[in-house]
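Q: Take this structure, written in structure tokens, and hold onto it; I'll ask about it next.
The values are calculated or read from the model by the stated rules, or taken from the named source; none is laboratory data. This is a predicted model, so every value here is computed, not measured. Here the Cβ is made from the backbone with ideal geometry for all residues, glycine too, and neighbour counts use every protein chain on show. Note: accessible area is taken over every heavy atom of the protein model, side chains too, but ligands, DNA and RNA are not part of it. Shrake-Rupley method; radii C 1.70, N 1.55, O 1.52, S 1.80 Å.
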Amino acid sequence: MGNFIKVVVFSLVVIWLYVVFSANYIPPITPAPPPKEEVLDLSEMTMDDFLALGEKIYDGKGTCTLCHNPVMKRAPLLERTAVVAKERLKDPRYRGKAKTVKEYLYESLVDPSAYVAKGYGVTGTNDTVSPMPDVSKGAIGLNEVELWAVVAYMQKLAGVDITVEIPRGEAVAATEEKKEEKEEPARTPQAVLEKYGCSACHKMTEEGMDPGLGPDLSKIGAKRDKEYLRRAIVDPNAEITEGFSPMMPDTYKDQMTAGELELLVEYMAGQK
Ligand code: HEC
Ligand code: HEC
């Protein structure tokens, strides 16, 4: 009998510790807020404003912390990346064009496979293909100014000198162009998948690679009906697929047109 009580008390202590631990130490994964077109007045922006912008994108719209966080272990932590960047540039496995730390960080955002951190590559590619999406494209779609703000913020995180300059002139013009091209709705299922970066997390076709972050969707139509698929996109946290963490962005409902959503649902329902 004594043992039974001990087991009960022990279990309660474990449960209590878990509750306290999870409430205090596991950082909540906050979904990115729907993207708002911000008016950036760069002429008046100070370095502090610029860093604050970088931090906001990093935690929000950039969805960086979805993967780069200490819980998921799906991606390296970025606190020291601006420090180790110098070594990355000398690594024989480095295939990019960057010469400086800030260029390396920028390139990591738009061409993640230029250097793939050891052990983090897409399964089966021997660390030559990064599972990270190009964050200047698709649903994240950071513009030139936002990309540099995130780079500056990563330098701040690492406590190194901030060598990024606040972009003016040309970069701002590129930002304006980008805004226009983003408004065009996608017209084919493939274009929708690309625009919203689904294959950064999901294997979408039989031949496609499996990034392993979300369930394999190459035969999803055999398992799920259209209603389920629609809900899985507009409200991903309604049901969490067994064996996976709830890390799918829940912002698609605000970003997709109804037509894009239906193209996707039709397409996935036909994948058998
Ligand atoms: C879907 C998951 C995912 C998202 C979202 C993501 N990353 Fe990554 N990132 C990774 C993985 C995995 C790696 C490691 C593989 C590699 O080196 O490319 C990586 C690598 C990096 C690197 C290079 C690290 C190194 O050690 O050289 C940087 C810098 C980086 N990410 C920054 C960001 C920033 C900033 C954001 C947000 C704008 C972001 N990432 C969003 C998954 C992600
Ligand atoms: C950052 C990674 C990520 C991105 C990007 C992402 N997903 Fe997911 N998705 C997940 C994860 C993780 C799950 C499983 C957990 C859950 O159900 O929320 C999931 C679940 C799903 C499911 C349910 C599968 C099942 O069998 O229950 C569907 C359907 C789906 N995603 C479609 C999409 C589509 C379409 C896109 C692009 C518009 C997309 N996902 C983008 C990570 C992602």
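Residue-by-condition table, conditions (1) over 29 Å from N143 (Cβ atoms); (2) more than 10 Å from ligand 2 (Cβ to nearest atom):
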| position | (1), (2) |
| --- | --- |
| T205 | yes, yes |
| E227 | yes, yes |
| I233 | no, no |
| F244 | yes, no |
| M256 | no, no |
| E266 | yes, yes |
| G270 | yes, yes |
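Q: For the stretch 240-272, how many residues meet the condition of being outside any helix (DSSP H, G or I) and of a type in the set (K, R)?
A: 1
Q: Shifting gears a bit: Here are E206, E170, E176, E180: which of them is charged (D, E, K, R) and modelled with pLDDT of 85 or more?
A: So the residue among E206, E170, E176, E180 that is charged (D, E, K, R) and modelled with pLDDT of 85 or more is E206.
Q: I've got another one for you. So, K97, is that one free of Cβ contacts under 8 Å to residues at least 24 places away in the same chain, surrounded by fewer than 19 Cβ atoms within 10 Å (Cβ to Cβ), more than 10 Å from ligand 1 (Cβ to nearest atom) and within 22 Å of the chain's Cα centre (by Cα) or not?
A: When the stated conditions are applied, K97 does not pass them.
Q: Check R224 against each of (1) at negative phi; (2) modelled with pLDDT under 80 and name the one condition it does not meet.
A: Failed condition: (2).
Q: Can you name the residue in the stretch 191-200 that is in a helix (DSSP H, G or I) and open to solvent by less than 70 Å² (accessible area, probe 1.4 Å) and, of all such residues, is modelled with the lowest pLDDT?
A: Restricting to residues being in a helix (DSSP H, G or I) and open to solvent by less than 70 Å² (accessible area, probe 1.4 Å), the top hit is A200.
Q: Within the set of pairs 6+ apart or on separate chains, which have a first residue in the stretch 185-199 that is closer than 21 Å to V110 by Cβ and of a type in the set (D, E, K, R), a second that is open to solvent by less than 40 Å² (accessible area, probe 1.4 Å) and within 15 Å of ligand 1 (Cβ to nearest atom), and C-beta atoms under 8 Å apart?
A: Going by the 8 Å Cβ cut-off, the qualifying pairs are E194/G138; K195/G138; K195/A139.
Q: Identify all residues within the stretch 55-67 that are modelled with pLDDT of 90 or more and near ligand 1 (Cβ under 9 Å from one of its atoms); write none if there are none.
A: Residues satisfying the conditions are I57, Y58, G62, C64.
Q: Report, by residue number, each residue of the stretch 201-226 that is among the hydrophobic types (A, V, I, L, M, F, W, C) and open to solvent by less than 30 Å² (accessible area, probe 1.4 Å).
A: Those that are among the hydrophobic types (A, V, I, L, M, F, W, C) and open to solvent by less than 30 Å² (accessible area, probe 1.4 Å): M204, L213, L217, I220.
Q: Tell me which residues, restricted to the stretch 226-239, are more than 18 Å from the chain's Cα centre (by Cα) and assigned to a loop (DSSP other than H, G, I, E, B).
A: Hits for the stretch 226-239 are A238, E239.
Q: Between a residue in the stretch 227-238 that is assigned by TED's automatic domain parsing to the domain that holds K253 and surrounded by 12 or more Cβ atoms within 10 Å (Cβ to Cβ) and any residue that is of a type outside the set (K, R) and assigned to a helix (DSSP H, G or I), which pairs come within a Cβ distance under 6 Å, given they are 6 or more apart or on different chains?
A: L229/V265; L229/M268; R230/V265; I233/Y252
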